[in-house]
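This report concerns only the one structure given below.
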Amino acid sequence: MSKDDLYRILTPSEFQSMKDAPLAPHYKISSQQRNMWLDTLMFTGMRYKEILWLDMNWKYFDSKNNAITLPASATKTDRDRTVHLIPAFSKTLAAYLREFKALDLPTRDAMNDNLRRWWGVADKKCVDSWYPTPKTFRKSWESWLLFADYSIHKVAMSQGHTVAVSEHHYANLAPTLKSEAEQVKKMTEGWMT
């Protein structure tokens, strides 16, 4: 895997294509569940391990304040962290949880397999080529927020990064998003306001 593949981010249209991809008839989840998984990966920007933890601890989700508070024991950095959400996703997640009670996420390996299939269908590429992993969504979300001109300090804190890490990883990603600038701004609207 090249460095470009490691730090590749999704554009809003690629993300939407994955959500619009048809599921095989034998698939055991609905499009609604698949799309909530994809939205959660993208709009929280959390590490997959943190999302799995959250799926068993929804009391840390505050839909009124559009935030998820992760205790130090649930983070990679062993520091408490508040993950800020856009209001639209916070509202959608709260409604989903009222109906279904949990996301019922698969293991990371199973999610990787799912993402490979959904990407292959969405992008009409060979499933052996590059495909997004849970980390792709985390990097994409941070990139979108920075591209939309949110404070690098606030973005880094919400992601559990230092400003130096954010600057290092995301400094040259703006050209990738330039053609979809309006969509990026629309999809990040209301974050930390």
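Things worth noting here:
- Extending 7 Å from the Cα toward the beta-carbon at both Ile152 and Lys135 defines two label points whose distance is 2.2 nm.
- Size of electric dipole in the chain: Cβ of Lys, Arg +1 and of Asp, Glu -1, about Cα centre, debye, nearest 20: 260 debye
- Rg(Cα) / (2.2 N^0.38 Å) computed for segment 15-54, rounded to two decimals: 1.26
- Loop-located trypsin sites (Lys or Arg not before Pro) in segment 1-99 (DSSP state other than H, G, I, E, B) with a sparse environment of at most 13 neighbouring Cβ atoms within 10 Å: Lys28, Lys64, Lys76, Arg79.
- Among the listed pairs Lys59/Lys178; Lys59/Lys135; Lys28/Lys185; Lys101/Lys178, those beyond 32 Å (Cα-Cα): Lys59/Lys178; Lys28/Lys185; Lys101/Lys178
- The residues of segment 11-65 have, on average, 50 Å² of accessible surface per residue, using a 1.4 Å probe with all protein chains present.
- Estimated at 0.36 nm per residue, the fully extended path between Arg98 and Asn112 surpasses their Cα-Cα distance by 2.3 nm.
- Expressed as a whole percent, the accessible surface of segment 1-81 that belongs to carbon and sulfur atoms is 50, based on a 1.4 Å probe.
- Computed E for Trp58/Lys91 - FRET, C-beta separation, R0 22 angstrom, nearest 0.05: 0.90
The values are calculated or read from the model by the stated rules, or taken from the named source; none is laboratory data. All values reported here derive from a predicted model rather than from experimental measurement. Ideal geometry is used to build each Cβ from the backbone, glycine not excepted, and the neighbour counts take in all protein chains shown. Just so you know, the surface numbers come from the protein's heavy atoms only, side chains and all, with ligands and any DNA or RNA stripped out. Shrake-Rupley method; radii C 1.70, N 1.55, O 1.52, S 1.80 Å.
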